[in-house]
1. Measure off 7 Å from each Cα along the Cα-to-Cβ vector at Ala184 and Ser45, then give the distance between these two points in nanometres to one decimal.
2. Please quote Rg/Rh for the stretch 11-77 to two decimal places, taking the Kirkwood radius as Rh and restricting both calculations to Cα atoms.
3. State the three equivalent ellipsoid semi-axes of the stretch 385-485, derived from the C-alpha gyration tensor as the square roots of 5 times its eigenvalues, in descending order and whole Å.
4. So for each of 462-474, 186-198 I average, over its residues, the number of other beta carbons within 10 Å; can you give me the resulting order with the highest mean first?
5. Using only the Cα atoms of the stretch 33-151, what do you get for the radius of gyration and for Dmax, in Å?
Amino acid sequence: MPPGSPCRVLAIGLDAAEPSLVRALAERGDLPTLRTLLDTGRSGSMASPADIGSGAVWPTFVSGQTPSVHGIHAFWSWDARRMGLYPASLDHLTPFWRRAEPAGRTTGVFDVPFAPRPGAVRGFEIAEWGPHDAILGRMHVVPPALANSVQAIGGQHPITGFLDASTSGWALDGVLDACLAGVAQRARLAEHLLREEAPDLFLAVFTEIHRASHVLWHTTAASAGQPAVAPAAGTRGLGDLYRAVDRHLGRLVAAAGERAAILVFSLHGMRETRGVPLLLDPLFRAAGLATARRPTVLAKLKRWTPIGIKRLYHRVTPRPVSLQLARPGLTPRYDWSRTRAFPLYTDQHGWVRVNLVGREAEGIVPPGQYGQTCAEIERLLYELRTDDGAPVVRRVLRTAGDDGAGAPARLPDLVVHWTPAANAGPFRLRMPPIACDLAATKLTGQHAPDGFWVLRSPRAGGPASGRVVAAEELGQVILDQLAGS
C-alpha cells in the first residue's frame, strides 16, 4: 500500500494482559495469533501511569492527556469541595477517535474502559456492555437503533456486577467459566460489528482478562516479584482465558482483511499480591497528622456483618444503590480542623491528600507549607519497618512539586508503593507499634505498570520495534495508521 493511503485499522485492547505471560504462552505455541503478529509485525512495551493508579490508565489512552491534566486515578475520585469520594466523572474527556471524524472516516468503538458517555459519531460507540468498572452505570449505545442488534448478537454479559471473590460468592471455577463465556459472547458481537458495520477504525477491548486476573493470578505459577511463566499443560486457570482470547482474536484479524493495520495492546499488566495494607489511617492518627471522629453506627454494623449476609447483599442490591450506600463509609470520619493529611480509599497503592487551604473546602495547611508537609510524610513512610526489620514502603511518588499552588486538583498528592513485606500478610510495625491488617486478601493478582503493543501494518510508519510507547501517545499512533501517515 503506498505511503499516505488511508487504511482500515483494527485495534484490540487486552485489558491488564501481562506481557511476560503473553510472551511465555506465545513462545510455547499457545497463542498462535499473537505469535504470528509478533513474528510478522513490530512490537514494544507500553508505559502507562499505573504507578499512580490503574484507574489513570484508560483515561490517559482515551484522552491523550496525562493524569495531571485529566485528573482521574481511580474509580472513586476525591471531591475537595464536598470533602468526600464520588465515582469518577468522565464527561470532560474528549476521546481521540472523535478526531477521526473531520477526515471523513467512520469509527466503531466497543467497550473501552473509562470512556465518556457515547456521543454523535460517524459510526457507532458501545459503552459498558461488559465492563470491569461500571462508571456510567449501564450500557449506552450510539446510534440507539443499534441497541437491538447488540442485545440479539451479544446478549447479556455473564458477569453483571463487580467481581470480588471475597463478597460475591463466586467459586473460582465459576469465575473462569463466566469469563470464558463472556469472551465468546464479546467476540461474536465484535465480529458481527466488524463485518456488518464495517467501520474504518474498529477499537474493541476484552475486559475479561482484567476481571479474572485479580482472582486467578495464582494459576499462572508466578512467584513473588518474578515474571509470570506459562502454567503447566492441562492446568485449568488464567492460561485458558488467554488462549480463548487468542482464538477469537484470530477470527477478528481475518474479518478485518489482509490490507488492514492490526494493533493489539495492553496498557498495563499484572503481578502477584496477597492483599492491600490498611496502614495509612492508623499511622496518620498515631503520628498526629489526622484526627478521627467516632465511627457511625452504620460503619460499625458493616464491619461486623457476617460474610454470608454481605454476599447476599451484593447479589440482590442494584449497583447504583450499593455504590451510593458504600460511598460515605469509604473515608474515615476526620476532624478536618485537626487533620493535616489523610489517606484516600484504595485497592492498590497508598494514596495521600494534604488538607490544603484554598483547595480543600476545610483545608488547614497553608500553601507555603505544602512541600514541607509532603516531605514530612515521606520521611515517616520511608522509616517504617516491620517487627522483623523489613522496610514497608518501596517508593513514595509525588504528583506535583513543592509549590502548593501547583498541587493537583483531583489526584493524590503522594502515592505510596508498598514492599512485598507489606503485601505478604498482616504485620506489625516496630515504631510506632501498630498492627496492620490487609484488605482484599482473596485477590491473588494486582496491577503492574508495564504493558505491550504489537502492530502489523500494510505500509511503513508507526513506532519502531522495541520502542516504549506512552499510553497518551497510542491514540495518535492509531489515527496515524488510519490516515496513512
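Computed from the coordinates by the stated procedures, all read-outs in this text should not be read as laboratory data. Just so it is clear, the structure is predicted and the values come from calculations on it, not from any experiment. Because the Cβ atoms are built from the backbone with ideal geometry, glycine has one as well, and the counts that use them run over all protein chains shown.
1. 3.8
2. Checking Rg against Rh, the ratio lands at 1.08.
3. 41, 20, 11
4. Order by mean packing, descending: 186-198, 462-474.
5. 16.3, 53
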